[in-house]
Amino acid sequence: MSDSSVLADKGHVLTRREVIEKYADVSPFTVIKIDVQRRGVVYREKALKAADPGLHDVRKRIDENTGEPGYLPASLLLRDGTTVMAGTRGGGTGTTGKEPYSHTTARASDREAPYFVDVIDGKLVLLDGDELVDEVDFWPAADFYSKVTSSGIPMREIAVARPQRIDFDPYRYCHFWDNGHGCRYCSRGGGYYKNRNEAVISVSSQDAYETLHEALKQKGRFASVHLTGGSNMGGKEMFDDEVDRYIEFIQALGRNFSSRRFPSQLIASAFSEKQLERIYENTGIATYTADIEVLNEEKFNWICPGKAEWVGYQEWKQRLVNAVSIFGPGNVNTGTVGGVELAKPGGFSTEDEALNSNLEEAEDFARKGVSVVYIVWGIGPNSAFSNQKSPSLEYFVRLAKGFHEIHSKFGFSVDNDTYRNCGNHPDTDLDRVR
């Protein structure tokens, strides 16, 4: 069998095909998505050559062997339209298309072999070793990627286009890293968000306005606008500087709309009621998210030391609950990095224990009007957890089912985190069939 098959202490770990068979009520596309996100992908040479910057969302790359310029696809779409946000794996940067793993070896440094993307008979396909999993496609390019702002900055450097949403990152540095207390799973801690001296700290709100204005000319492409960035604890009250930045930025984006509010989500720090009221009253933002990352106080303190130091688990929860009275039930949510709660040595000892903790806390949130979603923990090469072992595929499927059932029980639509608007949450992928 070419897909990963290993034995755990308590029995056989289900393969992808076995998980699909066992969980017949879960779309096989969701199962594939989870497994690709947890194991990563390597693009073979034919796939890399098929990446067309005129058609596809790509990033420039340099082949580490030949020194020749080329393109790396942003990520993948499955045949049913499911968005996959998967990290690349491979020799060095993981972008060369070379094969550092043999499909006959299930693990390298205790990590499962990645999936491969190749071209066979003229079709772009996903492979698990030598097994053909399904046809795939690259993300389509956004029209605004070829434009520049009036200040001369390429618009693709101002915003990122997912298949059906546009993302802005107003402040590109997280101050939890000031004393090295950034989240342990965070790959950006190795560069993008960690080193202020090398990062472009902030984006001009005027450039953002122009970029969104241009993006909206592509009719039907974007369903929502999302904003996120690094935490900034500065100001008279903790996070005041971050709030000021978001208000300026959202107001600029809002000039593109005639309505008071527009389809949007702010993913930011855990703000106080006073700060949230300022944001709600002074901008057109529609929904608010403050990602707690880990649904257990002890694990939160270990995995997210900066958030624990500045806010604390119980206060982070309370601030989310308080936000419901401002934005309304269903318009406030929090995200977790599913699976990171099993990291060693401080994580849960069993998957059952981790699952029960997640679902208990998620239901407690839901009773108070806050929905919970999760992203798949992809073990980043630049993170403090780079040598960790991923939880089983079955665990992620069970977690998706559990969160989906809570969404259904409490009537949450999680509109700005659906398969269309986000594409990074397996649990909300399941919500579309509710």
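The values are calculated or read from the model by the stated rules, or taken from the named source; none is laboratory data. Keep in mind that this is a model prediction, so the values were computed, not measured. Please note: Cβ atoms are built from the backbone with ideal geometry, for glycine as well, and neighbour counts cover all protein chains shown.
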Residues satisfying the stated conditions in the stretch 366-399, i.e. buried (at least 24 other Cβ atoms within 10 Å of the Cβ), out of contact with any Gly (no Cβ under 8 Å at 6 or more places or on another chain) and of a type outside the set (V, I, T):
L393
Residues of the stretch 334-354 satisfying the condition of being buried (at least 19 other Cβ atoms within 10 Å of the Cβ) and not polar (S, T, N, Q)
G335, V337, G338, G339, V340, E341, L342, A343, G347, F348, E351, A354
In the set A106, A47, the lone residue that is closer than 20 Å to V133 by Cβ and at pLDDT below 95 is A106
Does V340 count as touching a residue at least 12 places away in the same chain (Cβ under 8 Å) and touching a strand residue (DSSP E or B) at 6+ places or on another chain (Cβ under 7 Å)?
no
I279 fails exactly one of the following numbered conditions: (1) closer than 22 Å to N322 by Cα; (2) crowded, with 18+ Cβ neighbours inside 10 Å; (3) modelled with pLDDT under 95. What is the number of that condition?
(3)
Step by step: first the residues of the stretch 135-161, then only those that are closer than 13 Å to L55 by Cα and in a strand (DSSP E or B), then the one that is modelled with the lowest pLDDT. Which residue is that?
P140
Hey, among F327, F410, F385, which residue is under 27 Å from S27 (Cβ atoms) and aromatic (F, W, Y)?
F410
Taking the stretch 41-59 as the search range and keeping residues that are more than 17 Å from V84 (Cβ to Cβ) and acidic (D, E), which one is surrounded by the most Cβ atoms within 10 Å (Cβ to Cβ)?
E45
Can you find a residue that is under 19 Å from R17 (Cα atoms) and surrounded by 13 or more Cβ atoms within 10 Å (Cβ to Cβ) anywhere in the stretch 136-157?
yes
Given (1) among the aromatic types (F, W, Y); (2) under 30 Å from G54 (Cβ atoms); (3) modelled with pLDDT of 90 or more, where does F176 come up short, assuming only one miss?
(2)
On the given criteria, is A343 closer than 26 Å to L276 by Cβ and within 23 Å of the chain's Cα centre (by Cα)?
no
Over the stretch 132-145, the set of residues acidic (D, E) and touching a helix residue (DSSP H, G or I) at 6+ places or on another chain (Cβ under 9 Å) is D134, D143
Does K389 count as more than 18 Å from C304 (Cα to Cα), in a loop (DSSP other than H, G, I, E, B) and either at pLDDT below 95 or among the basic types (K, R) (or both)?
yes
